[in-house]
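Since the structure comes first, as structure tokens, the remarks are kept for the end.
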Amino acid sequence: MDPALRNKTAIVGVGYTSMERKSGRSLPDVAMEAARNAIADAGLTPADIDGYAGTPKAPNASAFHWDGVDEISERYMGSALGLNLRWASDFNRGVVGDAVAAAIQSLVTGTANYVLCLRAMYERPGVRYAASESSASGGPEQFTAPYGVGIGAMAMWLQRYMHDYGATREELFDVVSALRGHAQLNPYAYWRGKPLTLEDYLTSRWVYEPMCLYDYDIPVTGAGAVVLTTADRAKALPHRPAYISGFVSTRERGDAIFEASGIGREAVQAAQLYDGFSPVVWKWLEELGFAGKGEAHEFTRDGRIAHGGALPVTTFGGSQGEGRLHGMGHVREGAMQVMGRAGDRQVPGLENCLVALGFDAVPSWVLMLSTG
């Protein structure tokens with residue numbers, strides 16, 4: 001991002017639903033709840049929203065999809081909410097960074113004044129995440145998704161990391177434990193009220209060795225949304241804005257985000273790091289320069305990334321603790337921390353919060369949110 005765009009846009013409203021398994025709720029039900037909550041939270045009405053950026057991709061491999069059943073498009077949401085949209089787009093790659101970046105660009109170019117970003121998920125009965133149980137599949141994922149290739153690749157990365165740097169599963173539990181602990185402070189988290197012990201972790205079944213059941217995010221039915229606008233308009237709205245000081249999507253994300261935002265690494269007080277797989281937290285800590293190469297497994301020891309630690313990470317519980325929204329929870333939590341509205345999870349005195357979305361195998365973005 002050009003430094004001239006620092007703090008020119010902001011997140012001004014957040015909305016979310018509870019995260020449920022085997023829910024009786026439909027996808028439109030949770031999507032509409034999150035969207036309406038975000039709009040109202042921003043002090044706006046649907047009539048004010050003239051931009052929309054969605055991430056509709058369903059997480060059930062390459063099975064065929066139905067708009068309004070397991071995916072929900074900008075056309076569906078625009079019609080259902082009665083929006084008068086000047087700009088709208090869907091980004092069918094799952095992780096929400098593309099949608100947030102496009103929303104920012106639509107605002108700074110004057111294409112839209114208030115943009116709603118949404119990610120809604122539906123755990124469709126009979127269709128598992130790792131394997132397509134449909135009789136047909138298509139696109140490039142037909143060669144990978146039905147066989148669970150993605151999650152197997154992460155296990156291979158972890159095996160090599162453990163071999164090269166001496167990392168252990170007990171150290172990886174430090175990550176999992178921090179996320180589960182943060183979920184206990186989040187009233188909307190699926191795993192709230194369900195703490196995890198080291199014994200639980202070490203004795204759980206393998207998914208792909210050396211990764212066990214608790215190294216993966218939890219599929220849910222639920223939704224999250226945020227509303228963005230320009231800095232000038234944000235001043236007239238109810239909450240303290242979470243300004244977007246920088247966003248980048250390059251191979252050199254680690255240094256680029258600090259250069260783009262003008263906020264140094266040492267000034268980051270919390271980091272919402274994508275956690276679709278627990279080793280991804282180690283990857284992000286090293287890529288962003290918080291830990292040296294091969295040292296993240298040491299960095300996360302002794303509660304360093306837990307609530308009250310030196311660098312609280314993914315303070316709402318993440319995809320593993322709250323539920324899988326492919327990064328929307330991370331964006332929402334980053335905004336709430338900057339707004340000072342995170343309740344029991346709030347990091348005292350926080351001014352700068354980094355948000356990292358995705359990982360090497362999928363499109364990745366890093367945002368820097370600040371009080372401006």
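Cβ separations smaller than 7 Å between residues 6+ apart or across chains give the following pairs from region 17-37 residues that are of a type in the set (Val, Ile, Thr) to residues that are not in a helix (DSSP H, G or I): Thr17/Gly222; Thr17/Ala223; Val30/Thr17; Val30/Ala120; Val30/Thr221; Val30/Gly222; Val30/Ala223. Please enumerate the residues belonging to region 201-259 that are acidic (Asp, Glu) and crowded, with 17+ Cβ neighbours inside 10 Å. Matches in region 201-259: Asp215, Asp217. Do you know which of the residues in region 28-68 that are closer than 23 Å to Arg124 by Cα and of a type in the set (S, T, N, Q) is modelled with the lowest pLDDT? Selected residue: Ser62. When Pro238 is tested against the conditions (1) in a loop (DSSP other than H, G, I, E, B); (2) modelled with pLDDT under 95, the lone failure is (2). Of all residues in region 332-361, those satisfying the criterion of being part of a loop (DSSP other than H, G, I, E, B) and of a type in the set (Gly, Ala, Ser) are Gly340, Ala342, Gly349, Gly358, Ala361.
Among the residues of region 302-324, those that are of a type in the set (Gly, Ala, Ser) and closer than 19 Å to Gly358 by Cα comprise Gly317, Gly318, Ser319, Gly321, Gly323. Would you check if Thr55 is surrounded by 22 or more Cβ atoms within 10 Å (Cβ to Cβ) and among the polar types (S, T, N, Q)? Criteria met by Thr55. When Ala267, Ala271 are checked against the criterion of being in the same structural domain as Leu158 (by TED's automatic domain parsing) and crowded, with 22+ Cβ neighbours inside 10 Å, Ala271 stands alone in meeting it.
Selection of first residues in region 92-112 that are without any contact (Cβ under 8 Å) to a residue 24 or more places away in the chain and of second residues that are assigned to a loop (DSSP other than H, G, I, E, B), restricted to Cβ pairs under 6 Å at least 6 apart or on distinct chains, gives an empty result. Applying the selection to region 362-372, what residues are part of a strand (DSSP E or B) and of a type outside the set (Val, Ile, Thr)? Once the filter is applied, which keeps residues that are part of a strand (DSSP E or B) and of a type outside the set (Val, Ile, Thr), region 362-372 yields Trp365, Leu367, Met368, Leu369, Ser370. When the residues of region 342-365 are filtered to those that are at pLDDT 95 or above and β-branched (Val, Ile, Thr), the one that is farthest from Leu158 (Cα to Cα) is Val347. Being outside any loop (DSSP other than H, G, I, E, B), β-branched (Val, Ile, Thr) and more than 25 Å from Val176 (Cβ to Cβ) is the requirement here; does Val226 meet it? Yes; evaluated as a whole, the condition is true for this residue. Residue check: is Ala53 assigned by TED's automatic domain parsing to the domain that holds Val226, within 18 Å of His330 (Cα to Cα) and outside any strand (DSSP E or B)? So Ala53 fails the test. Reported count of residues in region 71-90, each being crowded, with 21+ Cβ neighbours inside 10 Å and in a loop (DSSP other than H, G, I, E, B), is 2.
The values are calculated or read from the model by the stated rules, or taken from the named source; none is laboratory data. Here the structure is a predicted model, which means the values were calculated and not measured. Backbone-built Cβ (ideal geometry, glycine too); neighbour counts: all protein chains shown.
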